[in-house]
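Below is one structure, written out as structure tokens, with a few remarks after it.
Nothing in this text is a laboratory measurement; each read-out follows from the coordinates by a stated rule. Note that this is a predicted model, so its numbers are computed, not measured. Neighbour counts run over all protein chains shown; Cβ positions are idealised from the backbone, glycine included.
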Number of protein chains: 2
Amino acid sequence: MTSSERNNAMITAPLCVCCNRAYHVAMEKRISAAHPIHELIARRWSPRAFADRAVEPQKLQTVMEAARWAPSSSNEQPWHFIVATKDQPTDFHRVLSCLVEKNQQWAQHAPVLMIAATALHFRKHGTANRHAYYDTGQAVAYMTLQATALGLYIHQMAGFSPETAQKELQIPERVEAVTAIAMGYLGDPQQLPEDLRQRELAPGTRKSTQEFVFEGRWGQKPVWLT
Amino acid sequence: MTSSERNNAMITAPLCVCCNRAYHVAMEKRISAAHPIHELIARRWSPRAFADRAVEPQKLQTVMEAARWAPSSSNEQPWHFIVATKDQPTDFHRVLSCLVEKNQQWAQHAPVLMIAATALHFRKHGTANRHAYYDTGQAVAYMTLQATALGLYIHQMAGFSPETAQKELQIPERVEAVTAIAMGYLGDPQQLPEDLRQRELAPGTRKSTQEFVFEGRWGQKPVWLT
């Protein structure tokens, strides 16, 4: 289904882009972009309702391959991912146990959970890598947009215990657990408790670009920014 | 030009995707992805040779809009960008002066320079934001892939002085300069000095996914990863 067919479908008979079921396209967040951004970025959002459907091994490999090709300071590639799929219940529950309870509530239904971790020092010199977190963020961003291209959605969580992850997942010293990640196909928001369902249905919001883009020095409005 | 037309063009008569000039497509880095990743990710790389061609205001706005829609911890959006275009020479040289000399050598020819900066504390509570760098990395990743979609290329640099940027660009306390960024259209690698030209022509390299993807706990090879 092309993008314009999908837009038409939304008006006449909303169907999911990944599985042709009715409620999913209705759940595509309508973001109000001020400029025409790429559809992968426009379509991406962070759901809490995931379908009871496994992620194909080929797709798991592809999202990891996308993360692999992110740029990094001195090409250090500090990122690591500890992945757990629901068909390995022991692994899955070990990763799930790292999340705060509020996130466990919905993330237990995602078919894939991960912890992103980062090496804090350069392999070559052993000096601190100022961009370890930053570059890991880039790798997860590439993974996320690749996931979007495959009909998958990612929800990142700061709400987990890095200490539990460190211990339970046997993450070595000088590597730090950064983010928890849930991934899967979109589910029915009706499966969520009321408070989360309302957040699921709310449109995405952001600062305006005027609040974070400056020209030449801090606080100066760019002449080209309208 | 569609992707397959471009592929054919590459075989018969290499032409740039953005300006139809001959040498550019030849300069698309051939990455050896082990799995079929999205073409925006596969095409992206970090050149040092930029064309003497301004970036259109509409494209500048669009790459900033893409950064805007990146996800962030508690939707904090800690990222900020101080942009300088060559047609504002005072601003441009102020940003250029923050780079280390080796980067100034080639980045002076880019039509757009930026410093990405991040707010280190949450606006609401004033507590430290553990994901300030990480989320700024995500925003720059979205910007980078949007740039790729527009025929633009981005080269990020750790090689700049955060202290100089802080002072010269009047970045306030509790906000930190993170990365320098050059953006523009691809240029002719012949314009680079010999050592940089060789790096420009070398293919991209990465660790294998086996080195950074684990299952269930650190060091355990995923059954689905080949």
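Residues considered: A:S161, A:S46, A:S32. Largest GNM mean-square fluctuation over chain A, using C-alpha springs under 10 Å, is found at A:S32. With its label point put 7 Å out from Cα toward Cβ, B:S97 sits 5.7 nm from the same residue's point in the other copies, in order from shortest.
Amide hydrogen proximity for A:V112: with H placed 1.01 Å from N in the peptide plane, the residues at 5 or more positions away or on another chain lying under 5 Å are A:M183. Does anything in segment A:179-216 have its amide N under 12 Å from the 7 Å Cα→Cβ label point of A:S32, and if so which residues? Zone members listed by number: A:203-208. A:S208 label point (Cα plus 7 Å toward Cβ) to equivalent points in the other copies: 5.2 nm, shortest first. Other residues whose C-beta falls under 15 angstrom from the C-beta of B:W224 contribute a net charge of -2, scoring Lys and Arg +1 and Asp and Glu -1. The reciprocal of the average 1/r between distinct C-alpha atoms defines the Kirkwood hydrodynamic radius, which for the protein assembly as shown equals 22.5 Å. Within the listed set A:I171, A:I181, A:I115, the residue fluctuating most in the Gaussian network model of chain A (springs between alpha-carbon atoms under 10 angstrom) is A:I171. Of the candidates B:P203, B:P36, B:P162, which one comes out as most mobile in a Gaussian network treatment of chain B with C-alpha springs shorter than 10 Å? Of B:P203, B:P36, B:P162, the most mobile in the Gaussian network model is B:P36.
Where in segment B:90-177 are there GluC sites (Glu not before Pro) that are in a DSSP coil and have at most 13 other Cβ atoms within 10 angstrom of their Cβ? Intermediate results must be reported in sequence, preceding the final value.
Details: sites: B:E101, B:E163, B:E168, B:E173, B:E176; in loops: B:E173.
Sites meeting the loop and neighbour criteria: B:E173.
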